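The structure appears below as structure tokens.
None of the figures in this text is laboratory data; all of them are computed from the coordinates on show. Here the structure is a predicted model, which means the values were calculated and not measured. Please note: Cβ atoms are built from the backbone with ideal geometry, for glycine as well, and neighbour counts cover all protein chains shown.
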Amino acid sequence: MAINIDTVYKQFGALKVVNGVSVDIKDGEFFVMLGPSGCGKTTTLRMVAGLELPTAGRISIDGADMTYAEPRHRDIAMAFQDYGLYPNMTVFKNIEFPLKIRKLDVRERARKVEDTAEKLGLGELLQRKPSQLSGGQRQRVSLARALVRNPKVFLMDEPLSNLDAKLRAVMRTEIKKLVTNLGITTIYVTHDQIEAMAMADRIAVMSRGNMVQVASPLEIYDRPKTRFVAEFIGSPP
Ligand code: ADP
């Protein structure tokens with residue numbers, strides 16, 4: 001589904017965090033918001049999810065105005081860096097949880113869990129507890145739980161920042177492949193330039209609540225629009 005962000009502002013008291021962001025994210029696009037800590041990436045993502053409400057502006061998903069819609073009325077899944085797994089539940093139960101609270105039929109649930117687990121290489125691990133998994137496996141369970149409902153939009157906030165460099169590189173490729181295969185519109189937040197370059201169809205480079213440049217990785221690297229973008233991306237002078 002396409003996501004349209006139209007002149008969105010967010011203030012916390014006197015603090016202006018998002019300053020009139022406008023962007024059209026295409027159906028099936030892998031869109032990365034890249035910028036230094038505190039530039040408003042997470043807040044923008046949370047407004048798309050409905051976890052924060054804009055001070056002004058409009059957010060639509062697939063043409064429908066969702067600016068003030070409850071999160072559960074948006075067909076969205078989210079994944080974060082702290083996996084948020086339930087330690088006492090098996091991998092199966094963890095992945096099944098979002099289906100259970102939506103009261104899906106038991107057999108339908110099992111089918112979806114097994115299907116999603118298979119796609120993420122977790123087929124053999126369904127009876128384990130999170131404590132018996134590696135960091136990468138826990139990350140995959142968290143992705144499986146987010147994706148088991150077949151959401152149309154997938155939001156990720158620094159999902160790899162707790163992993164070591166080697167695993168991060170592997171997961172980067174896996175996530176990209178997975179969401180591309182599923183065809184889900186994805187917004188991915190990171191402060192890591194290499195991650196953004198490797199994964200994005202388009203990158204929005206953010207600074208102080210603005211999207212300074214929105215373009216393909218190559219274009220941003222070759223033709224940075226401002227000195228800030230050039231320095232942040234590390235383009236050759
Ligand atoms: P980023 O994801 O780019 O690091 P954030 O969107 O998390 O940036 O935060 C941008 C700014 O907004 C920061 O200065 C942060 O402290 C502030 N901020 C975020 N959430 C809140 C909140 N709920 N209340 C007050 N200030 C907040």
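Numbers at a glance
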item: Farthest positive-ward along the chain dipole, Cα basis, beta-carbon charges - from ALA2, THR173, ALA204; result: THR173
item: The stretch 1-54: translational diffusion in µm²/s, Stokes-Einstein, Kirkwood Rh over Cα pairs, 25 °C, 0.890 mPa s; result: 208
item: Antiparallel DSSP beta bridges within the chain, percent to nearest 5; result: 50
item: Relative contact order (%) - the stretch 1-138, alpha-carbon pairs under 8 angstrom, separation at least six; result: 20
item: Distance (nanometres) between label positions extended 7 Å along Cα→Cβ at PHE12 and GLU231; result: 2.5
item: Top positive-direction residue, dipole computed over the chain with Cβ charges, set TYR188, LEU104, VAL23; result: LEU104
item: Sequence ranges 205-214, 2-11, 95-104, ranked by mean other-Cβ count within 10 angstrom, highest first; result: 205-214, 2-11, 95-104
item: Cα pair distances in the stretch 126-196, grouped into 5 Å bins until the bin that holds the longest one, percent each; result: 3, 14, 28, 25, 18, 9, 2, 0
item: Charge tally in the Cβ shell below 13 Å around GLY40, where Lys, Arg are +1 and Asp, Glu are -1, GLY40 excluded; result: +3
item: Entries in LYS16/LYS100; LYS129/LYS166; LYS100/LYS166; LYS10/LYS166; LYS10/LYS177; LYS26/LYS103 that, when Cα-Cα distance is taken, lie over 30 Å; result: LYS16/LYS100; LYS100/LYS166; LYS10/LYS166; LYS10/LYS177; LYS26/LYS103
item: Estimated translational D of the stretch 44-105 in µm²/s (Stokes, Kirkwood radius over Cα pairs; 20 °C; 1.002 mPa s); result: 156
item: Ratio Rg/Rh [Cα only; Rh per Kirkwood] for the stretch 32-149; result: 1.03
item: P(r) of the stretch 74-113 over all Cα-Cα pairs, binned every 10 Å from zero, in whole percent; result: 26, 52, 22, 0
item: Whole-percent pair-distance distribution, where bins are 10 Å wide, for the alpha carbons of the chain; result: 8, 31, 35, 20, 6, 0
item: LEU51/ASP192 FRET efficiency (R0 30 Å; Cβ-Cβ; nearest 0.05); result: 0.85
item: Largest-first principal axis extents of the Cα set of the stretch 132-171 (Å); result: 30, 23, 13
item: The stretch 51-165 - charge dipole about Cα centre, Lys and Arg +1 at Cβ, Asp and Glu -1, debye rounded to 20; result: 500
item: Extension gain (nm, one decimal) between ALA64 and LYS100, 0.36 nm per residue minus Cα-Cα; result: 10.2 nm
item: Unit charges on C-beta of K, R, D, E only; dipole of the chain, Debye; result: 540
item: Sequence-separation-based contact order of the chain, relative, with Cα cut under 8 Å and 6+ spacing, percent; result: 28
